[in-house]
Each structure stands twice: as structure tokens, then as C-alpha cells.
1. I want to check the label-to-label distance for THR416 and ARG24. Put each point 7 Å from Cα in the C-beta direction and report it in nm to one decimal.
2. Would you kindly derive the ³J(HN,Hα) couplings of segment 194-199 from the backbone phi angles with the Karplus curve 6.51 cos²θ - 1.76 cosθ + 1.60 (θ = phi - 60°), listing them in order in whole Hz, with x for Gly and Pro?
3. Spelling out what I want: for every residue of segment 142-149, take phi, set θ = phi - 60°, compute 6.51 cos²θ - 1.76 cosθ + 1.60 (Karplus), and round to whole Hz; glycine and proline get x.
4. Rounded to the nearest Å, what's the spacing between the alpha carbon centres of segment 135-202 and segment 353-401? Just the number, please.
5. With every protein chain present, what is the per residue accessible area of segment 352-400 (1.4 Å probe, Å²)?
6. Pull out the extension gain between GLU99 and PHE32, defined as 0.36 nm times the separation in residues minus the alpha carbon to alpha carbon distance; nm, one decimal.
7. Once you place label points 7 Å from the Cα toward the Cβ at VAL368 and THR423, how far apart are they in nm?
8. Of all accessible surface on segment 333-400 at a 1.4 Å probe, what whole percent is carbon and sulfur?
Amino acid sequence: MDQHPENPKHQQSSRPFRLTARGRSFAVVVVFAVAAGTLGTGVYLNRESPTWQRILGTEPVIEQVPQATDELPGLLEAVDYTLEFPKTTTGTETTEALESTRAMLQEHVELLTPGALAALASAAARETTGPDAPPAAIPPLSPDEISWRLAQTGTGLLEQALGAPEQESRRLAGSGIELALQARTVLRATGAAQKKIDSLPSPAAMPADESGASDPADSDTPETDATPTATSPEPTAQDAAGTSKAPAGLPEFAFASCPALAPGDTGPGDGAGSESESPDTPSPGSPQGATGSPDSGQLLGEVIDAAYRLGYAYDVAGARTNAGLRSAAWDRSGELVDFAESLEGELDGSLDCAPLRQPAYQLPADAVENPMDSARSGEGQLALLLRDAAAAQTGKARKYLFTAAWDQGFHTQRVTGNVPDFTQVAEVQQEPGTSTGPTGAPGS
């Protein structure tokens, strides 16, 4: 048999296999592709973790919304600075107004921002290195500018109070109202015209819905009803305390229970002490879904009682004063009684409670000699009671009563010349044989 020569294709080369340049490049690309795919998959699966958010720059930015309380320490420093380096020569009245503003701000700074007052004092002590004060490098604020900042901060505090918890809401609202009223005092001390004073920011112009808490009536009320319009205005405190008619379209209040009458009060009918529900016992007649605090009914009852007392005091003052003040006293009496009756009507519509109005009330000792001054002495306490009752409500009811507290405080400043001290909590004095009433109010 013939032998065939070996096929050259089957011959094995003894040289080692080597990648070409193209092959090496392809291998590198594959390795990088696999690594990139693995890394990308891992990043995608862990993209929400804080570490990768910081690496990728996708970490959410938490924006700190400035609060009105943050303005108080700086506002106090501005008043101090203006008193130390007055921008212009101020009169005695303006200086006194600024000094009273400083004292008032110190109380509210300590109340709302504990520790800030000590920090300001410490910083001021470090800056003062010698007996001579350093020259003012920054122009101080004028009294006009201070009054504007006071009004803005006060309005902001009251808006912040609309959505705060009850105790905090009470503090914020009291401070806000007092700052806004003090702004008018400072601007008036400069001799500004009334039109300029009235142009200051006012809590009466608060937005309709700032509370963040739902009102029980919202679900059944059309959206258009929540917005003031020319045909369907939202009730304001001017309706409550500045007109002779009862306010129409009151918001739905939360009544946890009937207000308790003081020991010795006379109930209807038999002349015995009236038995009313305990303020700590929720009533089954409360509005469906009401979110007011357990003492909401009691606090509103104190407002109603105080308004009746003031109305009685003004009615008696009208009979004891001259013709010039008689009409004003009786008009004010009618306003207060109408306001109390409208609120008591809301209470009676929700719960079966004993009437709060009494035939007569005990008046202060000076009511005979100074009937009008005696009646006006209870105006400030009514403002505090309105503030307290508002904090126990939610939604539109809270806004309505806060606005009423502002207007009541404004009325108090106008007729007495004094701003109510809203750092205090209204106390109710109870004496055997007399009706319950706010301390200092007529009839207490």
C-alpha cells in the first residue's frame, strides 16, 4: 500500500499561542463591560441608600422653613441697638415706647425661645471690652422700621399658632397679638398719621387656611364657602365685638362637654345649684368627629360668661353715666350680649346645657364712682379668654376665635390705652354666691 504524505493541516505547531493586538483590546473591553455592568447593577439596587445618595449627589435637600419665632432674638437685638445708637433724635414718648417694647420682647423671647435671652446677654458681654461702647458700624433701625418688623413678626406668630398644639398655640398667639399691638404703639409714638398706622400688617388679614388641621365642617362645606367673598364673607371678630348684630355663619365649634357652673350659681327653674356635665366627661352630643380638647366646652363657656358680665357692666354704666357716654355704653353692652348669645346658641345646638346668662352680676367696688372705667377693666381679660378658647379648637373655629382675640385686644388698647399682657393665662375667679367670671372683669 502506498504511503500518503502527512496532511499539513494536522501538523501541530510547537510555538505558543499569542493574542493579537485586536484580541487583547477586545478582552479588555469585555472585562470593563462586565465590571461596569456589575457596578451599575449594584448602584441601581442601592440607589436609595444614604451612602450612594451622597456619592451620586442625589441626596434630598432638607429645606429649613424659617419660623416666626426665629425672628424674636434678632428683633430684640435690633431694638437694643436702636436704643443704644438712635438713628435720629427721638422724643421722650418714642424712647419710652421703644423701652417698653424691649421689656415686652424680653418676656416673649424667654417664653418662646428658652435660653436665647441668656445667649444674647453673653454675646453682648463678650463684645463690650471697655467702658466706651464701640461705634455703630451698621445703621440702626428707625422706629418706623421697628414697628413694621414687630407687626410682621406678630402676624407670623399668630399664623404659626393656627397649626400648633394647644399649649404652644396659646403661647404663640398671645405673643403674636401683643407684638402686633405694640407695633401700633411705637408707630403712634412717632406722630405717624392714622392711615400709616392702619397700613401695618394685621392678624385680621390672616390666610383662611393655615392650620394644617381639618375642621369637622370642612367635609360638608363647599370649597367656595371657605374663601371670603363679597357675597359670603367669612365671619370676623369685627362681627363678634364691633357690631350690634350677632355674627352670621359661625364656624362649627367643638364642645367636649357643657361648661361647669361655679358652686353657688343659680340654675334655671328651682333656684338650686344647676347640675351640668363635668368638663372631663365627654358628651355624646358632641359634634361628629370633633377634635377639640377636653376643656373646649369649658373654655368657650368662660368666654360666653365673661361677655355676659361685661354686657351687664356696660348696661349699668350706661344708666349711671352722663348722656355723652350713655349711648356708647349701651351700644357696647348690646354688642357683647349679642356675641355671647350667638356662641351660646352654638353650644345649645350641640349639647343640652344649662343657660349661662344670669339676671344680675356682682360689680367691682369702684363701679359706683367710675362706672365706665370699671366696665372697661374687664376688656383685656376677655381677650385672654378668647385666646385660650381658640387654642382648644381646630381649623376654622380656631382661626375665628384667634381673630376675635386680636380684635378684642385692639379694642382694649383703644379704650384703655393698655395692651393686654398675653404672657399670662386667664384665670377664673369663683366666689360663693356670685357667678364665675374672669379676674378683673366686672362681676368678679
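The values are calculated or read from the model by the stated rules, or taken from the named source; none is laboratory data. This is a predicted model, so every value here is computed, not measured. Cβ: placed from backbone, ideal geometry, glycine included. Neighbour counts: every protein chain shown. Calculation scope for accessible area: heavy atoms of the full protein, side chains included, ligands and nucleic acids excluded. Shrake-Rupley method; radii C 1.70, N 1.55, O 1.52, S 1.80 Å.
1. About 9.6 nm separates the two model spin labels.
2. Residue by residue, segment 194-199 yields 4, 4, 5, 5, 5, 7 Hz.
3. 7, x, 4, 5, 5, 5, 5, 5
4. About 25 Å separates the Cα centre of segment 135-202 from the one of segment 353-401.
5. Here the residues of segment 352-400 average 35 Å² of exposed surface.
6. In short, 16.7 nm is gained.
7. Taking the simple label geometry, VAL368 and THR423 are separated by 3.8 nm.
8. Working: 1020 of 2300 Å².
Solvent-exposed carbon and sulfur of segment 333-400 make up 45 percent of the total.
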